[in-house]
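The values are calculated or read from the model by the stated rules, or taken from the named source; none is laboratory data. If you're wondering where the values come from, they're calculated on a predicted model, not measured in any experiment. Because the Cβ atoms are built from the backbone with ideal geometry, glycine has one as well, and the counts that use them run over all protein chains shown. Side chains included, ligands, DNA and RNA excluded: accessible areas come from the protein's heavy atoms. Shrake-Rupley method; radii C 1.70, N 1.55, O 1.52, S 1.80 Å.
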Amino acid sequence: MGSLFRSETMCLAQLFLQSGTAYECLSALGEKGLVQFRDLNQNISTFQRKFVGEVKRCEELERILVYLVQEINRADIPLPEGETSPPAPPLKQVLEMQEQLQKLEVELREVTKNKEKLRKNLLELIEYTHMLRVTKTFVKRNVEFEPTYEEFPSLESDSLLDYSCMQRLGAKLGFVSGLINQGKVEAFEKMLWRVCKGYTIVSYAELDESLEDPETGEVIKWYVFLISFWGEQIGYKVKKICDCYHCHVYPYPNTAEERREIQEGLNTRIQDLYTVLHKTEDYLRQVLCKAAESVYSRVIQVKKMKAIYHMLNMCSFDVTNKCLIAEVWCPEADLQDLRRALEEGSRESGATIPSFMNIIPTKETPPTRIRTNKFTEGFQNIVDAYGVGSYREVNPALFTIITFPFLFAVMFGDFGHGFVMFLFALLLVLNENHPRLNQSQEIMRMFFNGRYILLLMGLFSVYTGLIYNDCFSKSVNLFGSGWNVSAMYTSSHPPAERKKMVLWNDSVVRHNSILQLDPSVPGVFRGPYPLGIDPIWNLATNRLTFLNSFKMKMSVILGIIHMTFGVILGIFNHLHFRKKFNIYLVSIPELLFMLCIFGYLIFMIFYKWLVFSAETSRVAPSILIEFINMFLFPTSKTNGLYTGQEYVQRVLLVVTALSVPVLFLGKPLFLLWLHNGRSCFGVNRSGYTLIRKDSEEEVSLLGNQDVEEGNHQVEDGCREMACEEFNFGEILMTQVIHSIEYCLGCISNTASYLRLWALSLAHAQLSDVLWAMLMRVGLRVDTTYGVLLLLPVIALFAVLTIFILLIMEGLSAFLHAIRLHWVEFQNKFYVGAGTKFVPFSFSLLSSKFNNDDSVA
């Protein structure tokens, strides 16, 4: 609790690491995550640092491991992830691990290359087989011709030279056969016609089955072609065109006997290739399965090793180059653990001289360290999204745990919707160790990380839903209404009382569509409903007017209390930083300004609720009119809420008017008074020399140290600013801007809290409209078709409720609750100008397998 209220006390430590033990010491520190390293080599480029060679070695090992993971995933081999994280490898095992991984990579690349070559040869042979089968129908061999001449199919309509003429001319026919992609056939044919000027005969046939491309591995449709040409020059052009269109060209047999021999040889080779390829794949899978067993631990070890060398590059060497010096930020509560980690690292390395640490004083602002757990982490992230807290200032996350889900529930108040949200969050909490939730998509991972926020938002929404008496826009009568309708009838009262009251009879009930219950009639109002709004208001025509008045006043009350609490938390900051003058000159005037105006408004609301009853409600004055008259007519006498009201309001206005100049000028004048060397509350400073500070904030960083020469202490708030940096005009302008922002903000921020009322009204009305348009229509259908219609209506109602009322309305209320905390609450005390403590911890390293595995 104390750690969450304020960030931990930090100190700057200097680590002296022996060269032989530095790796082991940082490995022990990385396992515990205790310190944040400072870069002592900022002026040295990354490529000129001491351990850049070791970092490159780690990057080479990462490259090999990424390749292994890719091959394992390609083979559909599951990657086991261990439950425990292996430690960083000892230096003695690094070279051995590097040698093993390099040998494994060479072997895998060689086997994979052979496999791809065998697979490519197999696909080419299969293509060749299909080509021979299809082209057999293109050309029929005529045994009368000589073997050097080829025969075309009979083309009666072709006016080209016939075969006998070709023989007489001594023409030699040539053939080019192969496969071409289906999408290139038309362009390929046009190119052949234009280039060869028609001296080619092309035959096509589409393959019945799709084949895998040997080059790309893509399964596509192919066309088998056979090109007959005349002359060597034409043949040269045809082959060039085939190369341009990436055709798979295969030799065409000259005779039927040659075709048969080639076909038999192809079948034998295909069978042999299938056998060799299966054996190669089995061997490759065995190697990958063996590599998959240790790849998880290797990935983690290499990441840790790379992170260690990154931290070592931030260290500097002493003059002898035998000792590394590192500067780290460490919480004071972890100093003993830091010493033990250094001792453990020295012991593991077997060094005779142990590494040690030394705390050094500093005026630099330490980083902000706030310890969280899985429950508080989500709320801390909401605060950090606004800004990381300044060192040792009050942390709003502790109070956000309660106020954030409560303000959300005020805007989202519905028992049914809140219960559905609570069940969803409870399901995430109960299954938080499920691996799929941690590795889910981004949107689902956002819900999972905020599961405890959703749990409390749903729980608080159930509570506010009971207060509003809203369950899917319907009221629930749990305890019985406090209003009695029968008491309004004339027959319920004696004749003597009937003349004094407006009662009902049969004629009144019959001729009036709207009837009014009078709580002043005895027996009509029997007392308040035990919890929340009475369910009878759900039937009233003035229900919206009543709820608007109630929720609007509730929003103002909650907002003023929330902002006042923020101002009070600022007092704790001033006390901790020992600037008590800010309490008297800033915080108290702010509280007086807030309470004398808006605190008095809350008082009038509660006073009117408690004092005026149903009998006197008609003569009760309007709070709005009284509040306006307080400023416009402060001296006028009015029949107000209570006797002496005008005198109380005058006093409050005087106090408010006096607090404004104090807020504007008090702090600047006080600092000017200190700067001019005046005595501070009667304490004489003669004989003492105050240390000059760069700023007020640096006073807090020295903790309990002496800030004066000598042994005497004076009030810390009276410490003097640096002469060369004291600028009265700048201080005055800063305070005036802050005061104007606060005074105007009190009004605008109070109005901003009316969003609690507006969103609550919008949620209730939208829920009511959804019920009226769906459920009411489905429930009014007659019994014949009602059941059949009711099921899809209920399903549609559930879907729209989830997507519109739970997700969209829930997101709207979530964003408005964030705004109320960031702007209206936190700006009263929270600076948020710090830097987050980022420890050197191996737990922050990703252990997932991907192509970008690297250590940031």
Quickly run through region 207-254 and pick out the residues that are closer than 20 Å to residue 136 by Cβ and open to solvent by 80 Å² or more (accessible area, probe 1.4 Å).
-> 208, 209, 251
Output yes when any residue across region 254-263 is farther than 30 Å from residue 106 by Cβ, in the same structural domain as residue 215 (by the TED database) and among the basic types (Lys, Arg), and no when none is.
-> yes
Pairs, please: C-beta under 7 Å, at least 6 apart or cross-chain, first residue touching a residue at least 60 places away in the same chain (Cβ under 8 Å) and in region 1-27, second among the aromatic types (Phe, Trp, Tyr)?
-> 7/391; 10/329; 12/329; 16/356
If you take just the helices (runs of 4 or more DSSP H) that sit entirely in region 736-809, which of them hold at least 3 residues that are in contact (Cβ under 8 Å) with a residue 24 or more places away in the chain and within 30 Å of residue 463 (Cβ to Cβ)?
-> 755-770
Output the number of residues of region 255-265 satisfying the condition of being assigned to a helix (DSSP H, G or I) and open to solvent by less than 80 Å² (accessible area, probe 1.4 Å).
-> 6
Members of region 763-779 that are of a type in the set (Gly, Ala, Ser) and touching an Asp or Glu at 6+ places or on another chain (Cβ under 8 Å) | 764, 767
Residue that is nearest to residue 325 (Cα to Cα) [pool: residues in region 1-38 that are of a type in the set (Phe, Trp, Tyr) and open to solvent by 40 Å² or more (accessible area, probe 1.4 Å)] = 16
Quick check: is even one residue across region 810-832 open to solvent by 70 Å² or more (accessible area, probe 1.4 Å), touching a strand residue (DSSP E or B) at 6+ places or on another chain (Cβ under 9 Å) and not small (Gly, Ala, Ser)?
-> no
Could you tell me which numbered condition residue 430 fails, if it satisfies all but one of (1) at positive phi; (2) without any contact (Cβ under 8 Å) to a residue 12 or more places away in the chain?
-> (1)
Checking residue 204 against (1) open to solvent by less than 80 Å² (accessible area, probe 1.4 Å); (2) modelled with pLDDT of 85 or more, the condition it does not meet | (2)
Could you look through region 175-195, keep only residues that are in a helix (DSSP H, G or I) and open to solvent by less than 70 Å² (accessible area, probe 1.4 Å), and pick out the one that is farthest from residue 220 (Cα to Cα)?
-> 195
Qualifying position, being at positive phi, at pLDDT below 85 and hydrophobic (A, V, I, L, M, F, W, C), among 726, 681, 633 = 681
How many residues of region 29-83 are among the hydrophobic types (A, V, I, L, M, F, W, C) and either under 15 Å from residue 306 (Cβ atoms) or part of a helix (DSSP H, G or I) (or both)? The answer is 14
Using the structure shown, decide if residue 243 is within 30 Å of residue 36 (Cα to Cα) and charged (D, E, K, R).
-> no
Output the residues belonging to region 264-286 that are within 23 Å of residue 73 (Cβ to Cβ) and without any contact (Cβ under 8 Å) to a residue 60 or more places away in the chain.
-> 278, 279, 282, 286
Specify which of the listed residues (300, 262) is of a type in the set (A, V, I, L, M, F, W, C) and modelled with pLDDT of 90 or more.
-> 300
Residues of region 329-349 being open to solvent by less than 40 Å² (accessible area, probe 1.4 Å) and among the acidic types (Asp, Glu), in sequence order, are 334
Per the list (1) open to solvent by 60 Å² or more (accessible area, probe 1.4 Å); (2) of a type in the set (D, E, K, R); (3) within 30 Å of residue 573 (Cβ to Cβ), residue check on residue 322 breaks on (3)
Among the helices (runs of 4 or more DSSP H) confined wholly to region 553-671, which include 2 or more residues that are over 27 Å from residue 756 (Cα atoms)?
-> 588-594
Restricting region 65-92 to residues that are within 30 Å of the chain's Cα centre (by Cα) and β-branched (Val, Ile, Thr), the one most open to solvent (accessible area, probe 1.4 Å) turns out to be 84
